[in-house]
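Below is one structure, written out as C-alpha cells; comments come after it.
Nothing in this text is a laboratory measurement; each read-out follows from the coordinates by a stated rule. In this text, all values refer to a predicted model and were calculated from it rather than measured experimentally.
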Amino acid sequence: MAVRIENLTYTYPNHRRGLVDVSLHIKKGRKTAVLGVNGSGKSTLLYHLNGTLVPQRGTVQVLGTPVTAKTLREIRRQVGFLFDYPDHQLFSTTVYQDIKFGLDNYGYPETEKQDRILQVARQLDIEHLLDYPPFQLSLGQKKRVAIAGIMVLEPSIIACDEPFAGLDGYSAVYFKDLLDTWVRQGKTIVFSTHDVDLTYAWADDVIILREGRVLQAGPVGEVLTRREVYAEAGLIKPMLLDLFEDWDVKPKNITDAKQYLSRRR
C-alpha cells in the first residue's frame with residue numbers, strides 16, 4: 001500500500017476544520033483522484049502526504065513510514081508535490097538552479113546532479129530552457145520545470161494539487177500522458193480535482209470528500225456509478241455516464257464510446 005491514513009483530523013489556526021476523522025488507503029501504482037467541491041478538504045489531504053502538514057490527530061503512513069516531524073526528510077524524498085500553480089515552487093534565477101534545488105538539499109555529488117538534471121530535462125523537453133529565468137516561461141513550461149524538480153529525486157509517489165489547472169488542451173494531454181508513463185513505471189499518482197469528467201475518464205480510484213469527511217472511496221467504476229453520491233457530494237454526474245445511463249455498457253472515455261457505438265451499427 002502506498003498510503004494509509006487512520007482517523008486523521010486537522011484544524012486550521014482560524015478554527016476551520018480541514019479534515020475530520022479521515023481513514024483511507026491509496027494503492028501503489030495507480031492514479032487516485034481526490035474529488036470534491038471547493039473547500040471540501042482536497043488540498044489539506046494532499047498536504048499531509050509529503051509532510052507540508054503534519055497530523056494533529058490520527059496517523060498518516062507513506063510506504064510504511066509514519067509522517068512525523070522526525071521523518072519529513074525521508075517522506076519528502078519519497079513523495080514529490082506539485083502545487084496547483086508552479087509559481088508557488090519556482091524561485092531560483094534559472095531553470096537549472098530550480099531543478100537542482102532538491103538535489104542540493106540531499107547532498108548529491110555535483111556530477112550526479114548534472115546527470116540527473118540533463119536526463120529529466122531531455123525527458124520533459126526543457127533542455128533548451130535550462131538557462132532561462134523561470135518567471136519568463138509560459139504556464140505549461142513552468143509546470144514542466146516544477147515536475148522536473150520533483151522527478152530528479154525519483155520519488156515513488158507524486159501528489160498533484162489540481163495538476164491541469166490553467167493548462168490549454170495540448171498541455172493537459174501532454175501532462176496526462178506523462179503521468180500515465182510514470183504509472184506504467186510503477187509510480188503512484190494522487191491528484192486533487194473538482195472535475196468529475198476527468199476523474200471518470202482517467203483515474204483508477206477515487207476518494208470523494210465533502211466538508212473534510214470521506215463520503216466514498218474505491219475504484220472509479222464502482223464509486224461514480226452510485227447515483228446517490230452526486231447529491232451527497234454536490235457534484236454533477238460525468239457526461240458520458242449520464243449519456244449511457246440506460247445502456248448495458250458504461251464507456252469511460254470518448255474513444256471507448258466511439259468504439260462501442262461503431263460496433264452497434
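Here the Karplus relation 6.51 cos²θ - 1.76 cosθ + 1.60, evaluated at θ = phi - 60°, turns the backbone of the range 124-134 into coupling constants of 9, 6, 10, 4, 6, 9, 4, 9, 7, x, x Hz, with x for every Gly and Pro. Partners of residue 258 within straight-line reach, counting aspartates and glutamates whose Cα lies under 19 Å from its Cα and excluding those fewer than 8 residues away in the same chain: 197, 242, 245, 246, 248. Against the chain, whose longest principal axis is taken from its Cα atoms, helix 95-105 shows a tilt of about 80°.
May I ask for the distance between the Cα centers of the range 1-54 and the range 61-111, given as a whole number of Å? Taking the Cα centre of each part, the range 1-54 and the range 61-111 sit 19 Å apart. Taking a straight Cα-Cα cut-off under 17 Å and skipping sequence neighbours fewer than 8 places away in the same chain, the lysines within cross-link reach of residue 42 are 31. Would you kindly give the portion of the calculated P(r) for the chain that falls above 24 Å, as a percent of all Cα pairs? Distances greater than 24 Å cover 51 percent of the Cα pairs. Longer than 31 Å from Cα to Cα, which of 70/237; 28/142; 113/252; 70/252; 100/252 are they? Say none if no pair is. Correct reply: 70/237; 113/252; 70/252; 100/252. The spacing between the range 158-172 and the range 195-265, judged by their C-alpha centroids, is 20 Å.
Take every Cα pair under 8 Å whose residues are at least 6 apart in sequence, average their separation, divide by the length of the range 3-236, and the relative contact order is 30 percent.
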